[in-house]
Amino acid sequence: MWFVGCGNMGGAILQAWLDNGLDAAKVTIIKPHASQLPGGLQSQPDYPEGATPDLVMLAMKPYQLDDVAAKLAPLVGDNSHIVSVLAGTEIDILRAAFPKAGKIVRLMPNMAVTVAKSPMILISEADDVNLKDQMNHLFSPLGQPEWLENEGQMHIATALSGSGPAFLFRFIDALAVSAAELGMDKDQAARLALAMVDGAATLASRSAVSPGELANQVASPNGVTRKGLDVLDADGRVNALLHDVLKAAMERNREMAEEAKA
Ligand SMILES: NC(=O)C1=CN([C@@H]2O[C@H](COP(=O)(O)OP(=O)(O)OC[C@H]3O[C@@H](n4cnc5c(N)ncnc54)[C@H](OP(=O)(O)O)[C@@H]3O)[C@@H](O)[C@H]2O)C=CC1
Ligand SMILES: O=C(O)[C@@H]1CCC=N1
């Protein structure tokens with residue numbers, strides 16, 4: 001297996017696979033600069049000569065595709081599947097870059113692969129049951145595989161699930177900062193905000209009722225929570241805010257897809 005690029009996202013996937021028993025000897029990492037890598041692995045700047053990979057994980061930045069393809073495309077053949085985590089880089093573009101490759105799959109993971117809790121959003125160029133089984137087997141130790149029906153859905157899926165952790169991390173920070181501004185010790189506020197989100201997310205994921213209903217269960221009539229919810233809900237504030245956040249991220253993903261075609 002070859003990793004092309006192994007930074008935040010590629011490194012998290014590799015770490016998760018190593019934690020799940022992947023033999024490090026089967027991994028070759030190609031990237032320009034030496035850096036600390038999962039499992040103490042070393043990267044190399046050049047592609048191995050005379051070797052053909054079974055699987056290539058494309059995990060560099062989207063704008064680096066042309067550079068990568070110039071060197072990698074001649075080395076991949078029918079039996080080399082390519083899995084790309086590149087945001088906004090569509091299957092047609094990947095196929096044009098790697099005309100001789102085996103199957104091409106797009107994956108949108110998030111950083112929670114290291115705790116086996118990333119939705120693993122997938123789409124491939126062909127509706128191939130064997131390929132799906134193979135990908136599910138490969139990626140289910142990192143989170144829940146979730147196949148899209150069409151590639152157009154990848155824009156919003158990327159905003160929600162790929163970028164989503166960043167939005168939630170900001171929310172946790174904002175809760176902690178606000179609690180500190182309102183009188184709590186800063187470190188204690190940070191600790192409590194994180195523990196509360198962790199507990200609430202676990203509860204919601206295990207609950208038979210929706211998060212909306214759970215919010216109502218927390219809020220006593222005329223109680224403390226209702227006053228806070230009223231602020232979130234005033235003029236549809238929180239929905240409007242998150243709509244705008246997802247729309248901005250989704251539109252950037254769409255724009256990146258257009259840039260890749262230009
Ligand atoms: N970060 C995230 O949460 C998510 C990221 N993604 C996608 O993952 C991809 C990587 O993002 P991220 O990990 O955050 O980025 P990073 O900047 O952390 O990592 C980029 C990697 O690409 C390598 N690289 C740079 N140039 C080349 C090249 N010419 N050939 C091979 N490798 C190269 C870098 O190597 P070096 O260090 O040696 O320079 C580095 O290992 C992006 O396409 C992004 O869209 C998708 C979902 C979530
Ligand atoms: O910000 C980005 O472009 C990538 C895609 C999803 C998460 N990180």
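The values are calculated or read from the model by the stated rules, or taken from the named source; none is laboratory data. Just so we're clear, the structure is a prediction, and the values are computed from it rather than from any experiment. Heads up, the Cβs are rebuilt from the backbone with ideal geometry, glycines too, and the neighbour counts pull from every protein chain shown. Surface accessibility is based on the protein's heavy atoms, side chains included, excluding ligands, DNA and RNA. Shrake-Rupley method; radii C 1.70, N 1.55, O 1.52, S 1.80 Å.
Structural remarks
- Put simply, of Pro109, Pro38, Pro62, Pro119 the only residue that is within 14 Å of ligand 1 (Cβ to nearest atom), closer than 19 Å to Leu138 by Cα and in contact (Cβ under 8 Å) with a residue 60 or more places away in the chain is Pro109.
- Residue match in region 228-248 (condition: at pLDDT 95 or above, assigned to a loop (DSSP other than H, G, I, E, B) and open to solvent by 50 Å² or more (accessible area, probe 1.4 Å)): no
- For region 122-144, taking the residues that are in contact (Cβ under 8 Å) with a residue 24 or more places away in the chain, within 26 Å of Glu255 (Cα to Cα) and open to solvent by less than 70 Å² (accessible area, probe 1.4 Å), the one that is farthest from ligand 1 (Cβ to nearest atom) is identified as Ser124.
- Here Gly39, Gly21, Gly7 are screened, and the one residue that is within 16 Å of ligand 2 (Cβ to nearest atom) and open to solvent by 30 Å² or more (accessible area, probe 1.4 Å) is Gly7.
- Taken over region 2-30, residues that are more than 20 Å from the chain's Cα centre (by Cα), assigned to a loop (DSSP other than H, G, I, E, B) and within 15 Å of ligand 1 (Cβ to nearest atom) amount to 1.
- Residue in region 121-138 that is modelled with pLDDT of 95 or more, within 16 Å of ligand 2 (Cβ to nearest atom) and out of contact with any Pro (no Cβ under 8 Å at 6 or more places or on another chain) present: yes
- In the set Leu14, Leu65, only one residue is farther than 17 Å from Val113 by Cβ and either open to solvent by 30 Å² or more (accessible area, probe 1.4 Å) or assigned by TED's automatic domain parsing to the domain that holds Ser80 (or both); that residue is Leu65.
- Residues in region 154-183 that are assigned to a helix (DSSP H, G or I), open to solvent by 60 Å² or more (accessible area, probe 1.4 Å) and of a type in the set (A, V, I, L, M, F, W, C): 8 in all.
- Boolean, Lys100 is open to solvent by 70 Å² or more (accessible area, probe 1.4 Å), at pLDDT 95 or above, over 23 Å from Leu148 (Cβ atoms) and more than 15 Å from ligand 1 (Cβ to nearest atom): yes
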